[in-house]
Each structure stands twice: as C-alpha cells, then as structure tokens.
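Here's the structure we're looking at; comments come further down.
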Amino acid sequence: WWKNALQNAGFDTMGSETPITPVYVGDEGKAQAMERALWDEGVYALSIVYPTVGLGKARIRTMPSAAHTPEDLSFALDAFKRVRDRM
C-alpha cells in the first residue's frame, strides 16, 4: 500500500522491491531540509545523502512495519505531500 500510495502521489520510489522504500529527492540539501520538515510534521524519515549514495542521488528512506496502522501511513503520506508542496 505504502509504495503504491507514494507513487500515485507522484513520488519516485526508485523501483524498490524491499520493505525499505526510498523517496528520490536528488539534491542533498533539499533531502536534508525535507527530513527536517517531515520531522516537524511528526514523521521520522531519514535523508540518505552523499557519500552513502552517489552525489546528486539523495533520497528519503522510509520503512513501514506491521506496527504502523493504515491511519499512520495515511498521516505520513499526507505529511510527505504537504512538505513536497511547500518545497
């Protein structure tokens, strides 16, 4: 559900087929700003930037678990959309 919801909202999940779902950002500074903005929205998702990934290939790392309810995931998706729209 999470991957499909992100993709339907226009986010690039980089073809992930694992529980870890990246949200491609590209720019390192923008990814770090997005991490902080998501935190302010109540969502914990880490930015992954160079040198962990190639320069210009920054992303936000998400990994929902069985402990997350559908309401939790909807809350997070709405936060991702609000942060994207502000940025």
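Residues in the range 40-49: is at least one touching a residue at least 40 places away in the same chain (Cβ under 8 Å) and part of a helix (DSSP H, G or I)?
Start the filter on the range 40-49 by keeping residues that are touching a residue at least 40 places away in the same chain (Cβ under 8 Å), which leaves 41.
Subsequent filtering for residues that are part of a helix (DSSP H, G or I) retains none.
Scanning the range 40-49, I find no residue that is touching a residue at least 40 places away in the same chain (Cβ under 8 Å) and part of a helix (DSSP H, G or I), so the answer is no.
When you scan the range 6-57, how many residues do you find that are small (Gly, Ala, Ser), crowded, with 16+ Cβ neighbours inside 10 Å and under 12 Å from Ala79 (Cβ atoms)? Residues meeting the conditions: 2. Please list, ordered by first then second residue, the pairs with beta carbon atoms under 8 Å, 6 or more apart or interchain, first in the range 62-75 and surrounded by 12 or more Cβ atoms within 10 Å (Cβ to Cβ), second hydroxyl-bearing (Ser, Thr, Tyr). The qualifying pairs are Thr62/Thr21; Met63/Thr21; Pro64/Thr21. Among residues of the range 1-22 that are closer than 15 Å to Ser65 by Cα, those with a beta-carbon under 9 Å from a residue that is among the basic types (Lys, Arg) and outside any loop (DSSP other than H, G, I, E, B) at least six positions away or on a different chain give the pairs Glu17/Lys3; Ile20/Arg61; Thr21/Lys3; Thr21/Arg61; Pro22/Arg59; Pro22/Arg61.
Each reported figure results from applying straightforward, stated rules to the coordinates on display, with no laboratory input. Computed from a predicted model, the values in this text were never measured in an experiment. Cβ atoms come from the backbone with ideal geometry, glycine included; neighbour counts cover every protein chain shown.
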